1. Looking only at segment 35-76, which residues are surrounded by fewer than 17 Cβ atoms within 10 Å (Cβ to Cβ), within 16 Å of the ligand (Cβ to nearest atom) and not small (Gly, Ala, Ser)?
2. For segment 152-191, which positions are of a type outside the set (A, V, I, L, M, F, W, C) and under 13 Å from VAL102 (Cβ atoms)?
3. Give me a count of the residues in segment 189-230 that are of a type in the set (Phe, Trp, Tyr) and crowded, with 17+ Cβ neighbours inside 10 Å.
4. May I ask you to list the residues in segment 214-253 that are over 24 Å from ARG95 (Cβ atoms) and aromatic (Phe, Trp, Tyr)?
5. Of the residues that make up segment 240-247, is at least one within 16 Å of the chain's Cα centre (by Cα) and touching a residue at least 40 places away in the same chain (Cβ under 8 Å)?
6. Do we find that LEU186 is in a helix (DSSP H, G or I), aliphatic (A, V, I, L, M) and buried (at least 18 other Cβ atoms within 10 Å of the Cβ) in this structure?
7. State the number of residues belonging to segment 131-147 that are near the ligand (Cβ under 8 Å from one of its atoms), assigned to a loop (DSSP other than H, G, I, E, B) and of a type outside the set (A, V, I, L, M).
8. Which one is modelled with the lowest pLDDT among residues in segment 77-90 that are of a type in the set (A, V, I, L, M, F, W, C) and surrounded by 11 or more Cβ atoms within 10 Å (Cβ to Cβ)?
Amino acid sequence: MAYATIVVETEEHVTTIRLNRPDAMNALSPELLKELAEAVEDASKNDSVRCIILTGSEKAFAAGADIKEMSEKSFVDVLTEDLFTQESEAILKCRKPIIAAVAGYALGGGCELAMMCDFIIAADTAKFGQPEINLGIVAGIGGTQRLTRLVGKSKSMDMHLTGRFMDAEEAEKSGLVSRVVPAKKLMDEANAAAHKIAEKSTLTTMVVKETVNRSYETTLREGILFERRMFHALFASEDQTEGMTAFLEKREPQFRGK
Ligand code: DAK
């Protein structure tokens, strides 16, 4: 499907969604958010897609919600429109792994969008921030909650209260991103990770995603019980038999997602 604000390409089980509003640092306009949600839903429904990469440009992953579009809105407008709630649901509901490949600015809603993905690979040019305080607002799509869980209260408070940006090195040290790579290699690294994931059992990647995410939603005891039951359940799958048999036969497993 042709989109106005994103570019979508699928190659060998991996769909790459590129945010594409170069004149506005990929600011998250309502149109972009709607298209992004549609693209994620399409990739979710497409059986041949096993992993999704979400990325932006060399300059910006996304510099936040579109300030021009937001500036005219009243309290009643933002409350009734409930911007980003449905769109973020589409991303959070996706059961396939989503990698954020971030170069340049990931600010405000852009940082929050990256944190909604399953993990972040950052270019050495990446800059993360929650500068909403400079606009007289607070983060509104998970920044105060997700950043705090990822980097701890002190750094999260620092970011939200001062509005300063965090570079890629600091982001990796503090656990916001899984790895930092040279900017020129960002998409090669993200593709290699996505294709590596695509080789696994889709059944198992779905279970891994659900189980790790459970750690955000529940107590340690309940999370461990959930993990244990998922572990047990996978012994009912053909892919568990295939994975273990392949290991013992010293060959590559042929997973079928069953
Ligand atoms: N919105 C609209 N346009 C933006 C933009 C943004 N967020 N960021 C950049 N642009 C535009 C600039 O206006 C400029 O456009 P022209 O003037 O050329 O027409 C163009 O992109 C290039 O930007 P600059 O000239 O400023 O470029 P610089 O390299 O000097 O600076 C920058 C890059 C990214 C550091 C700077 O542009 C910047 O500080 N941008 C704003 C970053 C920001 O404050 N982000 C947070 C936005 S607030 C919610 C939904 C959403 C949200 C919250 C709640 N609910 C529904 C509950 C989210 C809120 C936010 O994200």
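1. Listed by number, the residues that qualify are GLU58, LYS59, ILE67, LYS68, GLU69, GLU72, LYS73, PHE75, VAL76.
2. So the first thing to find is which residues in segment 152-191 are of a type outside the set (A, V, I, L, M, F, W, C), and the list is 152-156, 158, 160, 162-164, 167, 169-170, 172-175, 178-179, 182, 184-185, 188-189, 191.
Of everything in segment 152-191, those that are of a type outside the set (A, V, I, L, M, F, W, C) and under 13 Å from VAL102 (Cβ atoms) turn out to be ASP167, GLU172, SER178, ARG179, GLU189.
3. Selection size over segment 189-230: 0.
4. PHE247
5. no
6. Taking the combined requirement at face value, the residue satisfies it.
7. Total meeting the criteria: 1.
8. Among those residues, the one meeting the criterion is LEU83.
The values are calculated or read from the model by the stated rules, or taken from the named source; none is laboratory data. Not measured: the values here are computed from a predicted model. We place every Cβ from the backbone using ideal geometry, glycine too, and count neighbours over all the protein chains shown.
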